[in-house]
1. If a residue has to be within 14 Å of another protein chain (Cβ to nearest Cβ), assigned to a loop (DSSP other than H, G, I, E, B) and either without any contact (Cβ under 8 Å) to a residue 24 or more places away in the chain or of a type in the set (S, T, N, Q) (or both) to count, how many in segment A:317-371 make the cut?
2. Among the residues of segment A:398-440 satisfying the criterion of being open to solvent by 10 Å² or more (accessible area, probe 1.4 Å) and among the β-branched types (Val, Ile, Thr), which is farthest from residue A:253 (Cα to Cα)?
3. Within segment B:32-56, track down each residue that is open to solvent by less than 90 Å² (accessible area, probe 1.4 Å), farther than 24 Å from residue B:138 by Cα and not aliphatic (A, V, I, L, M).
4. Suppose we filter segment A:461-477 for residues that are more than 11 Å from every other protein chain (Cβ to nearest Cβ) and at pLDDT 85 or above; how many remain?
5. Can you find, within segment B:155-166, the residue that is nearest to residue B:101 (Cα to Cα) among those that are open to solvent by less than 60 Å² (accessible area, probe 1.4 Å) and within 14 Å of chain A (Cβ to nearest Cβ)?
6. Restricting to segment A:68-91, name every residue that is more than 10 Å from chain B (Cβ to nearest Cβ), of a type in the set (A, V, I, L, M) and within 20 Å of residue A:22 (Cα to Cα).
7. Look at residue B:8 and say whether it is within 14 Å of chain A (Cβ to nearest Cβ), open to solvent by 30 Å² or more (accessible area, probe 1.4 Å) and either within 19 Å of residue B:136 (Cα to Cα) or assigned to a strand (DSSP E or B) (or both).
8. Check whether at least one residue in segment B:167-180 is modelled with pLDDT under 90, open to solvent by 50 Å² or more (accessible area, probe 1.4 Å) and part of a strand (DSSP E or B), and report yes or no.
Amino acid sequence: MELGDFREIWFCDFEFYAPTGERPLVRCMVARELLSKRVIKLWADELGSEPPFNTGKDALFVAFFASAELGCFRSLGWNSPYWVLDFYPEIRNLTNGKTYPGIGRVRSLLSTLAFFGLRRMQHEDKRAMRDLVMEDRCNSTYSLQDRRAILDYCQTDVDALESLFKPITQRIVRCPGDLDRALLRGRYMDAVAEMEFRGIPIDVDLLKQLRQSWDDIRLQLIEKIDPAFGVFDGLKFKQAKFIDWLRCEKIPWPETATGKPALDNATFRQMAKVYPQVAPLHELRHSLGQLRLNDLSVGSDGRNRCLLSPFGANTSRHTPSNSRFIFGPSRWIRGLIKPEPGKALAYIDFSSQEIAIAAKLSSDLKMQRAYTSGDPYLSFAIQAGLAPDGATKATHKPTRDRCKSAVLGLSYGMREHSLAQRIGGPTIAARHLIEAHEETYRIFWRWSQGVVDHAMLHNRLHTTFGWQIAMNGEVNPRSVQNFPMQANGAEMLRLAAIMAMEAGIQICAPIHDAILIESSIDCIDIDVKRMQAIMQQAGQIVLDGFAIRSDADKVSYPDRYMDGSGREMWDRVMEVCNLNVKSARVRCVAIAQE
Amino acid sequence: MPQKTDVTADFNLDSLRLKQDFSETLGIQRVLSHVPVRKPNKTNFIRVHSGEDYRMDVGIVEMKEERETFLVTPAMMSEPGIYELVVPARLVTYITRQGVLALWPLKLEKDGKLNPWHESALEAAQLAEEQWVSVRADMSLGAYQIFLATAELPEPEWPEHTFSELVRLGFKGLIVDAPDHPLIQQLTGAI
């Protein structure tokens with residue numbers, strides 16, 4: 001694919017009003033064609049049932065953060081353009097890992113213009129116009145003058161797109177295939193629009209009850225959970241009391257540089273895995289401190305919709321708002337996800353995606369065999385001589401658990417001290433596990449070191465489909481080593497989402513290495529199978545034929561979705577609310593891929 | 001509603017895939033710059049290279065205070081000052097489980113004497129040609145204890161360096177090959 005293949009190149013921007021959780025209400029649209037210079041400026045009531053410009057196979061649609069524009073397409077009942085070039089992922093990809101003086105990280109249209117030294121609208125002017133667009137009112141109530149002002153404002157963004165076209169395409173289209181890879185990212189933005197438009201069904205009645213009594217719930221949760229810990233004073237967490245509790249329980253808690261117990265979320269999460277008695281306190285602290293139920297973004301149709309923030313992370317994974325997205329860190333809250341009558345949901349995730357990617361990309365056949373066995377942790381134990389041939393999950397559970405911690409931890413660059421904490425054993429045992437892993441998977445480790453060397457030598461790393469990161473300033477070798485697994489995992493998920501959308505599967509949301517889909521109760525089993533087949537195909541495309549499995553959790557109306565690790569907290573919350581919605585009524589059916 | 005597209009038909013995805021063989025395309029090579037000359041540490045498990053071209057019987061002088069081992073060429077062995085101190089040794093190549101390559105000077109019989117320490121060290125080195133061993137001094141025994149690894153461990157990966165390269169790196173500046181070598185000068189009181 002080359003730019004010259006397109007007969008028309010359309011730059012397009014919409015202005016729209018989208019209150020929390022709602023689909024966009026289009027105010028206006030401006031489009032401009034590169035070659036003919038033709039400009040189309042239309043207020044909402046002038047927009048018909050199909051796009052007023054060519055969106056077919058011979059035309060290129062160019063936008064900045066195209067999921068917003070393509071959400072407007074959906075609101076208007078229009079077909080999406082065939083080819084989408086989105087400058088947002090492209091500038092992210094060009095500048096990923098870098099910050100620039102006076103700009104910082106390049107993520108917005110304004111900072112992109114600044115990056116290329118192009119003239120741009122002042123932030124203040126832009127904000128004033130945004131405020132006018134975002135007023136809660138009908139399109140018909142805008143005066144002619146306001147309409148003209150909004151259309152002119154919209155055109156400034158379209159003009160900006162046109163001015164960016166040459167500098168961006170010159171930078172991104174350098175080798176054969178570059179444009180195709182950019183168009184693939186553009187097509188993913190269509191899948192993002194599809195997911196944002198559909199949203200996730202929420203039990204709004206229950207959410208309303210929880211919101212109304214949240215302050216009481218918080219106090220009652222403390223009353224319920226804290227007696228086992230004795231670390232709260234009212235709503236306040238007391239560090240001194242926590243230290244006493246740790247002493248009493250003989251838990252060696254990680255400390256900060258100043259010698260105080262580390263109280264961050266990551267430490268609590270990790271320690272809760274090693275010492276299960278910490279888990280209720282972890283969930284409680286998180287719920288009290290970070291969960292703001294009012295921020296959960298739910299529309300009037302009872303669906304959770306928020307910006308999914310594609311390509312937000314350096315690895316290109318999504319970074320949606322923790323408080324707006326139902327799949328934020330508080331896992332118990334996911335119990336609010338409930339299919340509508342007659343409907344079902346399925347959460348389908350790649351099985352041990354990072355191990356599969358590491359095994360294939362490094363060409364470590366031993367690691368590939370471990371993945372293919374279906375239990376890479378036990379296989380590692382056997383391959384490393386830590387468990388005998390014929391060992392099973394039942395006969396060697398503690399060994400398998402330790403090996404699982406090592407396999408997962410090492411993929412994130414975990415070293416002996418952290419691993420010792422994770423396995424709840426001495427450092428020497430952790431070191432032994434690490435050495436066993438390094439020895440068993442020598443080819444992988446050589447490749448992994450090669451990843452770091454390549455990054456440090458060339459100041460850049462890339463994925464199979466061209467997502468790249470630049471090394472800038474202090475480089476964390478652990479993040480670099482983990483980049484291929486995370487970023488290629490993101491490629492895989494994007495491809496699966498596109499293919500699912502094109503196959504007519506109703507995709508609701510991406511969640512790290514999983515996709516939530518929706519279907520009728522009658523069709524959910526078929527759609528799960530189709531989705532699993534698609535995910536396998538996406539895996540094979542990214543990993544050059546290597547078969548990657550997936551697991552599915554299915555839930556049908558009237559049951560609700562529930563994350564296993566949030567179940568206990570859910571029950572506690574329901575208990576203090578005197579609500580009879582126990583997790584016993586929550587039924588997730590796990591389906592493994594055949 | 002998207003118009004009918006098919007990502008697998010619209011893109012030749014196989015041809016778009018970029019290589020991830022970072023360890024092969026890199027163009028860097030590890031340089032061996034230091035080869036320790038010492039008895040294996042008691043915590044290490046080691047293997048000794050069984051090749052005849054990776055060992056050599058030599059004369060060495062150990063300067064305990066400086067913790068330096070000098071290699072003495074045959075022509076210099078009868079030099080004043082050296083003659084009294086030089087001991088025959090078998091220099092063998094070994095590698096630790098952590099991949100550290102080193103040289104081990106194993107003392108040989110001198111004047112018909114071979115004490116239990118030297119004897120047990122030679123025995124350990126011989127075993128280490130076939131198995132992973134750890135060598136630990138036992139003062140009450142008056143010899144080295146040899147520990148065999150019972151686990152099934154993989155064979156060592158020997159780097160592609162010749163023995164003479166290893167000797168050159170191991171004895172950088174420590175090869176006594178001329179009468180004006182600083183060691184001879186020092187031992188004869190010339191400096």
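1. 1
2. Among those residues, the one meeting the criterion is A:440.
3. Residues satisfying the conditions are B:33, B:49, B:50, B:51, B:54, B:55.
4. Residues that pass the stated criteria total 3.
5. Initially, segment B:155-166 is screened for residues open to solvent by less than 60 Å² (accessible area, probe 1.4 Å), giving B:156, B:159, B:161, B:163, B:166.
If we keep only those that are within 14 Å of chain A (Cβ to nearest Cβ) too, we end up with B:156, B:159.
On the way: B:156: 11, B:159: 8 Å.
So, considering only residues that are open to solvent by less than 60 Å² (accessible area, probe 1.4 Å) and within 14 Å of chain A (Cβ to nearest Cβ), the one nearest to residue B:101 (Cα to Cα) is B:159.
6. A:68, A:76 - these are the residues of segment A:68-91 that are more than 10 Å from chain B (Cβ to nearest Cβ), of a type in the set (A, V, I, L, M) and within 20 Å of residue A:22 (Cα to Cα).
7. The answer is no for residue B:8.
8. No, there is no match, as no residue in segment B:167-180 is modelled with pLDDT under 90, open to solvent by 50 Å² or more (accessible area, probe 1.4 Å) and part of a strand (DSSP E or B).
The values are calculated or read from the model by the stated rules, or taken from the named source; none is laboratory data. A quick note: this is a predicted structure, and the numbers were derived from the prediction, not measured. Positions of Cβ are backbone-derived with ideal geometry, glycine not excepted, and every protein chain shown enters the neighbour counts. Ligands, DNA and RNA are excluded from the accessible area calculation, which covers all protein heavy atoms including side chains. Shrake-Rupley method; radii C 1.70, N 1.55, O 1.52, S 1.80 Å.
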